[in-house]
Amino acid sequence: MSDEWLKRFSTWRPGLELAALLLGVLVVLLGVTPTAPPPASYVPGVNLIDRPLSLAEAETIDWPDERQSVYTVPAPATIGWLRWSDVAMAELDGPLAVRTAGPFSARIYWNGTLIGEKGQPAETADAEIPGQIDAVLSIPPDLIRSSGNTLLMEFSSHRAGYEPMTLVHSLSIIPYRADDRRPLRAYFPLILTGGALLALAFAIAWAGHGRRDGRAYHLSLALTALFLAGAAEASRAFVNYSYDWHQPRQAIMLVFLLVFAATQMRFIVLRWPAAQRRALFAPIATAALAVMVILWSPGYDAKSTLAISIGCLAMGGWIIWHAPGHTRWMALFFCVLLTYALRWPGDFLDRAIYVLVLVFWGFLALRVPDLLVPRPQAASKQIKLLTTGRMILVDRTDILFLKAAGNYTEVHLANGGQHLDNRNLSALVELLQDAFHRQHRSYAINLSQVHEVRSSVGSKYTAVLQNGVELPVSRKEVQPLKARLARPTPEAGTSPRP
């Protein structure tokens, strides 16, 4: 009894380790502020008027009593005004400045005096000059009162190219600094994580190359795409671009995140294969749903978050459904990723996705590397066929070809016999490895039994076996089949996948 328990614990141990690791990472992500900003007074609430005004009108008009968070301020129809009254001045040393950021142009007035511009707002797109995405505007010391300070901002956003979920990214009082760009320290954790992701992508690709397992390249490409998405995010600390470039930057990030999700799913589908129809339908259905969400969602953060959430749901479901029972704990990662994305979407895109992905795939690469890129192992000369109610041992060399039969597979033998295996064709080809080639969506042949490959009228191809049986060959598999036949045929299961 104890031996059985120990064996089961050994099987579960990587999953328990992963759960503990993810829990620790989540505690850090949720308990530590991602970037500690300098001491500042943050906007408790602002008043908003969505129509053109002169400065004199803005100072004397009756403003709405209702205040709203600066992060919920919408883009004005033409040009609008924002008022931050009774600005609470923090205990800051030295000269002070207004820091503001977002896809808009603005003029900033402090106690009725213009202190600077972020581009030039206007009532039309042609008249507006787009401002930089980030701006730091110095407040003259003689304009600062001990209390009752008021900030007015005239702003417009005709050049954004989309409807931002958050127009004003920040509006605060900070110690003055000459550099308008977002501080590099804000992206320092992302830069470190990105470097580790790139190193992990290289290591997985190298392992796949050494073991001749092309599936590893899909995972390597996924991690590289995520690194590039992070690089696009961190580019804001290096280039203070005009705000009309904010949409292309976010579009680039969205494309890389979609490549990450698609290639990651491709790796999972290839690593734990299923019936061909299901292997085609699941990614296509997932991609179609993601495209619908992207077209429906208004902002790029929402597009990215929801598309990745759909991918996580599909990948987690695939692992639960198709991966061996002792490896289904991997679905835990996609559950965590999905929950985080839906609960904290902003933080998810800023840092969590990079950290969680690095932790998960890095854990597998270090703790259970054979799960990602299996080692080639010498297989038994026999294969266990699973038929209804019994198991049959058959010599691999006695198998002529395999034929798909829905979710089952017909196993045809050299002596004319035939068995129906409970598994699909993809699963059996995976077990038989290099001695067999899937030359058609419904057939896989024993390479050692092939006599010749013939072509006929209409660009149709057939493989003729030693006993004269002819099997169809799809056009796209003709050249790969001929290339494999030109090489020495390996013994079944003794060499790695090509």
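The values are calculated or read from the model by the stated rules, or taken from the named source; none is laboratory data. Computed from a prediction, not measured in an experiment: that's the story for all the values here. Using ideal geometry, Cβ is built from the backbone for each residue, glycine included, and neighbour counts are taken over all protein chains shown.
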Top-ranked residue of the range 446-466 - restricted to ones that are touching a helix residue (DSSP H, G or I) at 6+ places or on another chain (Cβ under 8 Å) and not in a strand (DSSP E or B), ranked as farthest from A486 (Cα to Cα) | S459
Taking F363 as the residue in question, decide whether it is within 17 Å of L16 (Cβ to Cβ), in contact (Cβ under 8 Å) with a residue 24 or more places away in the chain and out of contact with any strand residue (DSSP E or B) (no Cβ under 7 Å at 6 or more places or on another chain).
-> yes
Quickly run through the range 110-148 and pick out the residues that are acidic (D, E) and without any contact (Cβ under 8 Å) to a residue 60 or more places away in the chain.
-> E117, D126, E128, D142
Over 14 Å from the mean Cα position of the chain (by Cα), surrounded by fewer than 18 Cβ atoms within 10 Å (Cβ to Cβ) and in contact (Cβ under 8 Å) with a residue 12 or more places away in the chain - does that describe any residue in the range 301-316?
-> no
Please work out which residue is nearest to the chain's Cα centre (by Cα), limiting yourself to the range 156-173 and to residues that are assigned to a strand (DSSP E or B) and over 13 Å from P74 (Cβ atoms).
-> S170
Under 8 Å by Cβ, and 6 or more places apart or on different chains, what pairs join a residue from the range 62-77 that is in the same structural domain as Y162 (by TED's automatic domain parsing) and in contact (Cβ under 8 Å) with a residue 40 or more places away in the chain with one that is of a type outside the set (D, E, K, R) and exposed (fewer than 15 other Cβ atoms within 10 Å of the Cβ)?
-> V70/G45
The one condition in (1) farther than 26 Å from S69 by Cα; (2) buried (at least 20 other Cβ atoms within 10 Å of the Cβ) that R182 fails to fulfil = (1)
Please specify each residue of the range 18-53 satisfying the condition of being modelled with pLDDT under 85, outside any loop (DSSP other than H, G, I, E, B) and of a type outside the set (A, V, I, L, M).
-> G31, S41, Y42
